[in-house]
Amino acid sequence: MGELKIEQLSKYFGNTKALDNININIKKNEFIAILGPSGCGKTTLLRSVAGFLEPTGGLIKFQGESFFENGRSLPVEERQLGMVFQHFALWPHMTVKQHVEYPLKSSQNKKRFDSVRRKEMMDHALKLVELDQFEKRYPHELSGGQKQRVALARAIVAEPRMLLMDEPLSALDAHLKQIMVHEIKRIHRLTRATTLYVTHDQSEAMALADRIIVMNKGKIEQFDTPHNLYHYPNTPFVANFVSKALLVDGNWEGEQFRPANSENTTWAGKGIADYFKRNQMYPVRPEELSIVPAQTNEKATGLRGTIKDKQFLGRETRYIVYALGKELEIISNQMQDGEVDQEVFVAKR
Ligand code: ATP
């Protein structure tokens, strides 16, 4: 049986359809990312599961228990979930210890755990996030990363049945973000808490999640592993949002694709979704393309184009090549591929 089951879930805000027929099945211990652009409904979905928002229709069941069914909601406190928000939501007058202790002081948790057990749980949570030396500090005495660790400890201390996180790292700088991604993975390996994690950052979602729900305009575009979303997107939106793939026009000839206006070129179509075949297009990622200067390409294969921009980024070089009437992005690790205004052929690796 699935741990979290969502069926035909919808949510309207006036005329805005924030959630449109959402169907999801999540297994115990899974780390699930909800990924999509601003306004696609990620937070609405998370808040519906948390119980902060009343859906318009549909069903949410967790471990067989109705969270939302036939228009009736289970109160937030009875869902026993842990929540981490974007802006930490720490109280300035409370120490680290007091924050982490706080959820254990609810009347429900006092009934569930005796005082010895509660002390053990608090010590364990503080150790888990490596803040046991910082118990007495106040939020203004902590770094951004440490604040987020407090929020994380507070969310997991009462052993919630599921952990919900809404853009928890978006207030941190890139370096700290990387460290915290690593931390969240380590903590998930230890706690195995079933997790729903909202982000608009595809690399964060790929790094963290077992599976990713890709949302667009209130609907699920694809729910799959990071590997499958990257290699086998089902729709142009997923291809573009997850891996910045470009859609190349041309013709499918069985399992082979012939790009328009190309010389002696066909691309293999293994695993390419039916949508692209039906619409005579091929999704190609920037790192799948390479540049061959026209004069060294004796057999003249590939898409004919002109380099419009070249950006040396250190580890790689980013080219913009005008070909097929559009600008193609190409990420190359070669030392020398060509210069701006040079005529080139674009090939698929
Ligand atoms: P972001 O990444 O910007 O937080 P999101 O994917 O989390 O976006 P939601 O916050 O779920 O998106 O919003 C989905 C849609 O519902 C948007 O069109 C938004 O404007 C609308 N919406 C959300 N909350 C409300 C509200 N309380 N009242 C009216 N409209 C709302």
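Determine if region 215-226 includes at least one residue that is part of a loop (DSSP other than H, G, I, E, B), in contact with a strand residue (DSSP E or B) (Cβ under 6 Å, 6 or more places away or on another chain), at pLDDT 95 or above and away from the ligand (no atom under 16 Å from the Cβ). Full working, then the answer.
Residues of region 215-226 that are part of a loop (DSSP other than H, G, I, E, B), as a first pass: 217-218, 225.
Pick out the ones that are also in contact with a strand residue (DSSP E or B) (Cβ under 6 Å, 6 or more places away or on another chain) and you get 218, 225.
With the extra rule that they be at pLDDT 95 or above, the set shrinks to 218, 225.
Next, from what is left, pick out any that are away from the ligand (no atom under 16 Å from the Cβ): 225.
Yes, region 215-226 contains a residue that is part of a loop (DSSP other than H, G, I, E, B), in contact with a strand residue (DSSP E or B) (Cβ under 6 Å, 6 or more places away or on another chain), at pLDDT 95 or above and away from the ligand (no atom under 16 Å from the Cβ).
Cβ-Cβ distance below 6 Å, separation of 6 or more or different chains: which pairs start in region 16-27 with a residue that is under 16 Å from VAL49 (Cβ atoms) and end on one that is charged (D, E, K, R) and within 15 Å of the ligand (Cβ to nearest atom)?
ALA18/LYS11; LEU19/LYS11
For residues that are within 16 Å of the ligand (Cβ to nearest atom) and not in a strand (DSSP E or B), scanning just region 1-24, find the one that is farthest from ILE220 (Cα to Cα). Give the derivation first.
Narrowing region 1-24 to residues within 16 Å of the ligand (Cβ to nearest atom): 6, 9-22, 24.
Checking which are not in a strand (DSSP E or B) leaves us with 14-15.
Values: GLY14: 21, ASN15: 19 Å.
Result: GLY14.
What number of residues in region 241-294 are of a type in the set (S, T, N, Q), in a loop (DSSP other than H, G, I, E, B) and touching a residue at least 40 places away in the same chain (Cβ under 8 Å)? Outline the logic, then answer.
Going residue by residue through region 241-294, those that are of a type in the set (S, T, N, Q) are 243, 251, 256, 261-262, 264-266, 279-280, 290.
Restricting the remaining residues to those that are in a loop (DSSP other than H, G, I, E, B) gives 261, 264-266, 279-280.
Subsequent filtering for residues that are touching a residue at least 40 places away in the same chain (Cβ under 8 Å) retains 261, 265.
Residues in region 241-294 being of a type in the set (S, T, N, Q), in a loop (DSSP other than H, G, I, E, B) and touching a residue at least 40 places away in the same chain (Cβ under 8 Å): 2 in total.
Residue check: is ILE22 at pLDDT 95 or above and within 18 Å of the chain's Cα centre (by Cα)? So that I can check it myself, show each step before the final result.
Numbers: at pLDDT 95 or above: yes; within 18 Å of the chain's Cα centre (by Cα): yes.
When the stated conditions are applied, ILE22 passes them.
Among the residues that make up region 54-65, is at least one of them of a type in the set (A, V, I, L, M, F, W, C), within 24 Å of HIS200 (Cα to Cα) and surrounded by fewer than 22 Cβ atoms within 10 Å (Cβ to Cβ)?
Looking only at region 54-65, we keep the residues that are of a type in the set (A, V, I, L, M, F, W, C), and these are 59-60, 62.
So of that shortlist, the ones also within 24 Å of HIS200 (Cα to Cα) come out as 60.
Checking which are surrounded by fewer than 22 Cβ atoms within 10 Å (Cβ to Cβ) leaves us with none.
Scanning region 54-65 turns up no residue that is of a type in the set (A, V, I, L, M, F, W, C), within 24 Å of HIS200 (Cα to Cα) and surrounded by fewer than 22 Cβ atoms within 10 Å (Cβ to Cβ).
Take the residues in region 25-51 that are surrounded by fewer than 22 Cβ atoms within 10 Å (Cβ to Cβ) and among the basic types (Lys, Arg); name whichever of them is farthest from the ligand (Cβ to nearest atom).
Looking at residues that are surrounded by fewer than 22 Cβ atoms within 10 Å (Cβ to Cβ) and among the basic types (Lys, Arg), I get LYS28.
Name every residue in region 242-260 that is closer than 26 Å to PRO226 by Cα and of a type in the set (Gly, Ala, Ser), in order of residue number. Full working, then the answer.
At the first step, the residues of region 242-260 found to be closer than 26 Å to PRO226 by Cα are 242-249, 255-257.
If the condition is that a residue be closer than 26 Å to PRO226 by Cα and of a type in the set (Gly, Ala, Ser), then SER243, ALA245 are the ones that fit.
So which residues in region 178-209 are within 16 Å of the ligand (Cβ to nearest atom), in a helix (DSSP H, G or I) and of a type in the set (D, E, K, R)?
Across region 178-209, the qualifying residue is only GLU204.
The values are calculated or read from the model by the stated rules, or taken from the named source; none is laboratory data. What you see is a predicted model; the values in this text were computed from it and never measured. Cβ: placed from backbone, ideal geometry, glycine included. Neighbour counts: every protein chain shown.
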